[in-house]
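Inspection log for the structure reproduced underneath, given as C-alpha cells.
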Amino acid sequence: MRDVFRACYSKRVETAYYSFVSSPLGRLTICCTEKGLLRLDLRGRRPADRRFDWVRAEEKTQPAASELAEYFAGQRQRFTIPLDLRGTPFQRQAWKALLAIPYGRTRSYGDIARQIGRPRAYRAVGQANHRNPMAIVVPCHRVVAADGGLGGYGGGLDRKQFLLDLEQRGRRQRL
C-alpha cells in the first residue's frame, strides 16, 4: 500500500550516481546522471540532494574519475566527459564562458561578464562561480580579481592556488 501511495503522490525522483576519489586536494565526490557529470564536490561528502535517488556506483563515475586523475598527473588540459549543467540561464551562460578559459590562463570576473555580454554583471559572475557544481572541470579556479589577486573560491584559496600552480607547471612543460 505504501508503494502505491508513493507512486501516486510523490514527485518523480531521478537516479544519480556517485563515488569518492582521492586526489591531491583530498577526497572528492563525483556525481553523474545518465546525461553526464552533475557535480564534483571538493568536500568529499555523500550527496544529499533529495531531487535524486543516489546510488553509489564507481562504474558510472569512472570516466570522470579517470579524466581527473589525468588532470592531476599533468596529462590532461581539457575535460571531454559529457556535462549535465543545471542552473539558471545566467549561470549556465557564465559556466560555459569558464569552459572557454584556456588551461593555465586566468580571466577576471569582469572579463567573463563582458564575454557573456553583461559587462556590469561581474558580481553576478562571481555568484555563478560560487554556485558552480563542477569545480575543476568547469574551471572557476581560473577566474581572478581585476587586480590579479585570487578573489574567492568555494574550495578555499589554498586549493585555488594549488590548481593554478598545477596548470602553470603543466603549461610550461608543454612549451
Exercise for the section: Determine whether Gly44 is part of a loop (DSSP other than H, G, I, E, B) and touching a Lys or Arg at 6+ places or on another chain (Cβ under 6 Å). Expected result: yes
Within the stretch 96-134, the count of residues that are of a type in the set (Ser, Thr, Tyr) and either buried (at least 20 other Cβ atoms within 10 Å of the Cβ) or more than 20 Å from Gln77 (Cβ to Cβ) (or both) comes to 3
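Given the options Ala7, Ala65, Ala16, name the one that is outside any loop (DSSP other than H, G, I, E, B), modelled with pLDDT of 95 or more and more than 26 Å from Gln127 (Cα to Cα).
On the way: Ala7 fails: modelled with pLDDT of 95 or more; Ala16 fails: more than 26 Å from Gln127 (Cα to Cα).
So the residue among Ala7, Ala65, Ala16 that is outside any loop (DSSP other than H, G, I, E, B), modelled with pLDDT of 95 or more and more than 26 Å from Gln127 (Cα to Cα) is Ala65.
Among the residues of the stretch 68-91, is there at least one that is assigned to a strand (DSSP E or B) and either free of Cβ contacts under 8 Å to residues at least 60 places away in the same chain or surrounded by 16 or more Cβ atoms within 10 Å (Cβ to Cβ) (or both)?
yes
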- Query: Of the residues that make up the stretch 120-142, is at least one more than 19 Å from the chain's Cα centre (by Cα) and assigned to a loop (DSSP other than H, G, I, E, B)?
  - Reply: yes
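The values are calculated or read from the model by the stated rules, or taken from the named source; none is laboratory data. The shown structure was predicted, so the numbers you read here are calculated from the model rather than taken from an experiment. Positions of Cβ are backbone-derived with ideal geometry, glycine not excepted, and every protein chain shown enters the neighbour counts.
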